[in-house]
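One structure is given below, encoded as structure tokens.
The values are calculated or read from the model by the stated rules, or taken from the named source; none is laboratory data. Bear in mind that the values here come from a model prediction, so they are computed numbers and not experimental data. As a convention, Cβ positions derive from the backbone with ideal geometry for all residues, glycine included, and neighbour counts pool all protein chains shown.
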Amino acid sequence: MNFDLSEEQRLLKDSAWRYGADHGDLTAWRARVARGEAYDAASWRRMADLGWLALTVPEDDGGLGAGPFETMVVAEAFGRYLMLEPFVSACVIAPVLLGAATDAVRARLLSGLVEGGVVVSLADAEPAGRFDLNRITTRAEVVDGGYRLTGEKSHALDGGVADWFIVPARTAGADDDEAGVSLFLAPAKAEGLTVVRGRAMDNRHNASLKLDSVVVPGENLIGDLGEGFGLLRKAVDHGLVARLAEAVGAMDAVHEMTLEYLKTRKQFGQTLGSFQALQHRAVDMAIACEEARSMMYLATIALSGDAARRRKVIAAAKARVGQTSLYVGRQAVQLHGGVGFTEELAVAHYLKRLIMIDMAFGNADHHRAELAKSLKPGAVAA
Amino acid sequence: MNLDLTPEQLAFREDVRAFFAENTPESFKSRVRAGMRLEPEEFTRWQRLLHARGWGAPSWPKEYGGAGWDPTQLYIFETEASRADAPVQFHQGLELIGPIIFTFGSEAQKARYLPAIVSGDDWWCQGYSEPNAGSDLASLSTRAVRDGDDYVISGQKAWTSYAHVANRMFLLARTDPDARKQAGISLFLIDLDTPGVTIRPVITMDEIHHTNEVFLDDVRVPGSALLGEEGKGWSYGKVLLDRERGVTAATTTRLAQQLRGARQAAAETIVGGARLADDPRVADRLAQFELEVMALEAMVMRTMAEAASGQDSGPRASMIKIRWSELLQQITEYWVELQGYGAMAFAALDPAETPEAWPAKGMVYSRVTSIYGGSNEIQRNIIARRALGL
């Protein structure tokens with residue numbers, strides 16, 4: 001049993017944290033947000049130079065071929081320093097999916113992705129599916145030389161800045177069947193594709209999509225026709241676990257800020273931290289951070305395990321990190337009082353980030369229900 | 001013990017219900033339901049509508065332009081407002097300073113200030129908190145120095161909500177630096193266009209400009225700006241403690257609005273052909289909120305009944321504030337959960353802003369309700385000290 005990072009992983013973590021600290025100025029961050037920028041384009045290019053964007057891309061495709069632990073330490077820095085660059089979409093989720101794309105598509109997209117010139121976003125949800133990944137009513141029909149896609153997607157993480165979308169669509173089966181799901185690449189500028197961009201409360205630019213007879217060539221099919229669900233689930237699991245690391249990074253940061261505030265802010269002639277009621281609150285936050293970190297490790301390890309075990313652990317981890325992170329975020333605002341409620345301190349931004357991470361790929365309630373399904377008598381043992 | 005309304009009260013309820021049905025602007029309703037604050041000009045529009053009907057100050061005595069209602073009537077009024085998705089009146093003039101003026105102010109102050117509060121012509125903001133005097137308000141350091149017939153006020157105020165739209169401010173300042181904490185504090189009524197007043201906006205996490213910092217730089221005001229006596233400013237606030245029961249009743253009755261919004265979201269969201277409202281887990285959560293709101297409403301009704309018969313409600317106003325803010329936060333959080341990805345578009349980039357964003361705005365705004373007006377931690381201290389003898 002070993003939860004230690006390797007020497008290389010530790011170096012990567014140090015470098016990511018240093019980078020975050022150097023580029024994490026809140027005033028500059030708020031100015032970019034105010035200018036309507038989704039993220040810092042110059043920083044994204046530097047991240048490409050650092051090799052972060054190539055981390056999970058296989059070596060044969062020009063990447064570094066690293067695994068979930070490398071992703072974890074970088075994603076944690078993203079959360080800790082509120083970085084908004086589309087790392088999880090483009091560099092965690094997309095490489096898993098594109099691994100099954102044709103050689104021609106891989107050659108075209110992965111080099112751009114590694115250099116930071118191309119952002120790929122997964123349209124993971126539908127209005128009538130809520131958080132159910134398998135409930136897909138978007139249709140793909142075979143047409144001459146390719147496929148025609150029609151339907152609606154309620155959410156695509158970082159979709160507001162995407163050049164390409166990966167669109168799960170049904171080519172066979174009932175609305176919620178796992179079989180009969182196929183994955184297609186569609187350019188953001190495709191005819192018939194309407195991208196409705198929205199800025200979420202964490203300032204990420206997401207999108208919802210309307211596909212009205214969007215025709216894509218045959219080579220844009222990822223993997224085998226009707227067999228895409230397992231890969232979709234796997235890619236989402238990788239993205240989801242990276243976002244858990246983001247949450248843990250944000251939780252630790254905001255807890256540290258709160259401790260600092262409790263130790264320095266004086267009211268009634270003493271520091272806030274001398275009041276026992278507030279000490280206990282800070283302790284509960286510390287416990288929550290520890291629980292979340294433990295769950296993050298468990299989930300990251302599970303990414304390499306068998307599918308049933310992976311699903312069970314990840315559902316539990318997403319639920320618990322959601323619960324503990326919202327507790328920590330809300331208490332951080334509460335203990336800071338009025339200043340914690342303003343846009344001028346980072347605290348409020350951390351809470352809004354944590355709220356959005358909880359919702360991403362299904363919230364705590366959803367994943368607890370998923371776990372409950374796997375615990376039912378007769379369910380596949382994991 | 002009974003909850004029956006008299007025939008007069010039933011008739012009053014019909015009257016009030018009809019008024020809200022006819023007069024509540026449609027454009028307010030979905031934001032009010034989401035727990036969002038309206039825009040200042042909308043608050044003023046609402047105040048004028050009520051004033052035209054003679055209901056501009058429901059809780060004030062008639063002689064000062066109030067409706068002169070008893071607590072039961074007030075409760076009916078607020079419940080009906082809630083039912084109609086009507087907003088709460090802006091409270092800083094009406095509830096925070098108006099009653100202090102008519103209880104302790106001079107005849108000249110009453111004549112000058114009270115009518116304009118009721119009509120909506122004046123907007124008052126509160127200059128109490130300071131950067132280093134939040135929960136510990138009595139440690140405030142803004143100074144008012146007597147200079148001939150005038151006072152010269154210097155200091156900095158924090159969390160001055162709506163100073164950017166207000167024309168008047170009531171503020172606490174220290175007139176005797178040597179007196180013990182509370183004893184040296186006086187209350188002033190000032191015009192915000194007085195030279196030396198600088199207002200800096202503070203944007204809060206709902207991305208809305210509600211509040212400000214106010215810098216007071218040698219602000220010279222006439223001696224008539226002092227309310228009551230020098231050094232007694234702190235004690236005047238006590239008159240509000242009794243009235244607080246009415247304010248908490250007004251706000252708590254609005255929880256029904258947020259609960260209605262959440263229930264509607266559950267009814268209208270179809271997942272895999274079934275309404276979310278039919279999911280037993282969702283139904284269970286909504287029932288839990290329902291019963292907690294019911295318990296809170298019963299606490300409010302008891303408090304209003306006690307107010308009607310002149311009994312002390314002890315610390316129940318503090319208890320209601322704690323439970324109301326907690327429930328407001330939890331219900332709006334759950335509403336946003338029910339919306340799912342529909343709540344993601346906090347600020348639209350392509351289309352115009354849609355009402356789908358409002359529950360999330362209301363939810364984010366609700367975080368401040370456990371901080372303002374005496375944080376929930378301070379409320380718990382009050383209950384422990386004053387009621388439980390701890």
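Structure notes:
- Taken over region A:320-348, the criterion of being at the interface with chain B (Cβ under 8 Å from one of its Cβ atoms), under 16 Å from A:Tyr81 (Cα atoms) and part of a helix (DSSP H, G or I) is satisfied by A:Ala348 alone.
- Selection from region B:1-38 of residues that are modelled with pLDDT of 95 or more and part of a loop (DSSP other than H, G, I, E, B): B:Thr24, B:Pro25
Listed here are the residues, each with its yes/no results for (1) touching a Lys or Arg at 6+ places or on another chain (Cβ under 9 Å); (2) part of a helix (DSSP H, G or I); (3) surrounded by fewer than 22 Cβ atoms within 10 Å (Cβ to Cβ).
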site	(1), (2), (3)
A:Glu178	yes, no, yes
A:Phe184	no, no, no
A:Glu191	no, no, yes
A:Lys210	yes, no, yes
A:Leu231	no, yes, yes
A:Lys234	yes, yes, yes
A:Asp237	yes, yes, no
A:Leu240	yes, yes, no
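- When B:Gly362, B:Gly373 are checked against the criterion of being more than 8 Å from chain A (Cβ to nearest Cβ), of a type in the set (Gly, Ala, Ser) and under 30 Å from A:Ser274 (Cα atoms), a single residue qualifies: B:Gly373.
- Filtering region B:16-44 to residues that are without any contact (Cβ under 8 Å) to a residue 24 or more places away in the chain and surrounded by 13 or more Cβ atoms within 10 Å (Cβ to Cβ) leaves B:Pro25, B:Glu39.
- Residue within region A:325-341 that is under 11 Å from A:Ala247 (Cα atoms), modelled with pLDDT of 95 or more and touching an Asp or Glu at 6+ places or on another chain (Cβ under 8 Å) present: yes
- Residue list for region B:266-282, restricted to those being under 16 Å from A:Asp132 (Cα atoms) and either part of a strand (DSSP E or B) or more than 10 Å from chain A (Cβ to nearest Cβ) (or both): B:Ile270, B:Val271, B:Ala274, B:Arg275
- Subset of region A:36-55 [more than 15 Å from A:Pro86 (Cα to Cα) and either modelled with pLDDT of 95 or more or touching a helix residue (DSSP H, G or I) at 6+ places or on another chain (Cβ under 6 Å) (or both)]: A:Asp49, A:Leu50
- Screening B:Gly373 against (1) part of a helix (DSSP H, G or I); (2) under 20 Å from the mean Cα position of the chain (by Cα) leaves a single unmet condition, (1).
- You will find that of A:Ala364, A:Ala372, the residue that is in contact with a Lys or Arg (Cβ under 9 Å, 6 or more places away or on another chain) and surrounded by fewer than 21 Cβ atoms within 10 Å (Cβ to Cβ) is A:Ala364 and no other.
- Looking only at region A:41-71, and only at residues there that are within 18 Å of A:Arg108 (Cβ to Cβ) and of a type in the set (A, V, I, L, M), the one that is surrounded by the fewest Cβ atoms within 10 Å (Cβ to Cβ): A:Ala48
- Test: residue in region B:166-180 that is within 14 Å of chain A (Cβ to nearest Cβ) and buried (at least 22 other Cβ atoms within 10 Å of the Cβ): no
- Selection within region B:327-355 - surrounded by fewer than 18 Cβ atoms within 10 Å (Cβ to Cβ), farther than 18 Å from B:Met205 by Cβ and more than 8 Å from every other protein chain (Cβ to nearest Cβ): B:Ala352, B:Thr354, B:Pro355
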